[in-house]
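Before any comments, here is the structure.
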Amino acid sequence: MSEVNAKLAMTGTPLANTGVPGQWTTGLCDCCEDSSNCCVTCCCPCVTFGRNVEIIDQGTTSCAHAGAIYYCLAHIGWACIYTCTYRTKLRAYFSLPEDPCGDCLVHFCCLPCAVCQEYRELKNRGFDPSQGWLANAQKWGQAGLTVPPTITPGMTR
């Protein structure tokens, strides 16, 4: 285990509920709030999705690996089946509602908007998905920064 991972294991993971519980920080169709990410997602959604996954999986899945899987599944029309699972994980971490509808339906109907929203959610909660997990973990593990405690997600059906 690396020094950063050991430090995070002792203090808790930064992927904790640091925003307003139960509320998304941006809407599904607010893609232009981060115009550079919107452009990247429009041209190559596998990059934005890969960045999100690396943060959500806390570095166990690389951006390149998740992006490659997305790319392959998108060519056969099944990307939303893979991507919606990460929306579910993100919602569980931050106790967010299925809004405006179920995760799979959001990803089936509005995949680029959903991926952008998830990217913005991570940014608004203190992460920079463009830097990758290691840079974010080092930022959270620096002296003087405290890592918020992990909040156990609410009960789900």
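Annotations
- Conditions (1) modelled with pLDDT under 90; (2) open to solvent by less than 70 Å² (accessible area, probe 1.4 Å); (3) basic (K, R): number failed by K7: (2)
- Taking residues in the stretch 21-50 that are surrounded by 17 or more Cβ atoms within 10 Å (Cβ to Cβ), and partners anywhere that are outside any helix (DSSP H, G or I), the pairs with Cβ atoms closer than 6 Å and at least 6 places apart or on different chains are W24/L96; T25/G19.
- Q142 being out of contact with any Gly (no Cβ under 7 Å at 6 or more places or on another chain), closer than 20 Å to E54 by Cβ and modelled with pLDDT of 90 or more: no
- Test: residue in the stretch 69-82 that is out of contact with any Phe, Trp or Tyr (no Cβ under 6 Å at 6 or more places or on another chain), open to solvent by 20 Å² or more (accessible area, probe 1.4 Å), modelled with pLDDT under 85 and on the phi > 0 side of the Ramachandran plot: no
- The set of residues in the stretch 126-137 that are open to solvent by less than 40 Å² (accessible area, probe 1.4 Å) and farther than 15 Å from Y86 by Cβ comprises G126, D128, G132, A135, N136, A137.
The values are calculated or read from the model by the stated rules, or taken from the named source; none is laboratory data. Please read these numbers as outputs of a predicted model, since none were measured by experiment. Every residue, glycine as well, gets a Cβ built from its backbone with ideal geometry; the counts of neighbours run over all protein chains shown. Heads up: the accessible areas ignore ligands, DNA and RNA and are worked out on the full protein's heavy atoms, side chains in. Shrake-Rupley method; radii C 1.70, N 1.55, O 1.52, S 1.80 Å.
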